[in-house]
Amino acid sequence: MRTLFLDNIAGVLGALIAIGGLALHQLTGDGRFDAAASILIGALLIALSVVLLRANRDLVTSPSVPPATLARLRDEIAGVPGVRGVADVLAVIVGPGTVLVAARVVFAGDPASGAVEDAAERVERRLRESGHGMVGRVYVTPVAGRAPDGGPDGGPGG
């Protein structure tokens, strides 16, 4: 929205500068007013480019979420009933205020019973509810393996 607003403001200002330059050229017969208006319009466009580049730089250069947010997402997943552990979590900024989350999760229960599918749906719901409206897409991949504490079923050592 900000980009659209700035673009429209620059367009209106550019048109006003052009009209002023042409009007002064017509009134005085001096072509330097028209040339100066063209230079001012160019400077306006350069300034707009710099402002927009600074505003959108993070979307282009660092699309991953901060480590603290990633840790919070991991904790949210680990707190869902039916989750034994979290093997991996990736979160990428895919647009202004929108995050894609992909998680590899170790679930408790028998995959054939539907318990894993239910727990995966709870993970997705929890992330969307706790994501402050930022979590746009969630991909949960069940993986077999040991729980992160070393136990085969999430218990300590055993």
Give segment 1-32 a look and list any residue that's surrounded by 13 or more Cβ atoms within 10 Å (Cβ to Cβ) and either more than 18 Å from A47 (Cα to Cα) or among the charged types (D, E, K, R) (or both), or say none.
G20, G21, L22, A23, L24, H25
Would you pick out the residues in segment 103-121 that are within 22 Å of G136 (Cα to Cα) and open to solvent by 30 Å² or more (accessible area, probe 1.4 Å)?
R104, E117, D118, E121
Residues in segment 64-84 that are in a helix (DSSP H, G or I) and either in contact with a strand residue (DSSP E or B) (Cβ under 8 Å, 6 or more places away or on another chain) or open to solvent by less than 70 Å² (accessible area, probe 1.4 Å) (or both) total 8
Can you confirm whether segment 56-63 contains a residue that is in a helix (DSSP H, G or I), modelled with pLDDT under 80 and open to solvent by less than 60 Å² (accessible area, probe 1.4 Å)?
yes
Here are A68, A87: which of them is out of contact with any Cys (no Cβ under 9 Å at 6 or more places or on another chain), at pLDDT 85 or above and over 30 Å from R2 (Cα atoms)?
A87
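The values are calculated or read from the model by the stated rules, or taken from the named source; none is laboratory data. A quick note: this is a predicted structure, and the numbers were derived from the prediction, not measured. Don't worry about glycine lacking a Cβ; one is built from the backbone with ideal geometry, like all the others, and counts go over all protein chains shown. Accessible surface areas use protein heavy atoms only, side chains included; no ligands, DNA or RNA. Shrake-Rupley method; radii C 1.70, N 1.55, O 1.52, S 1.80 Å.
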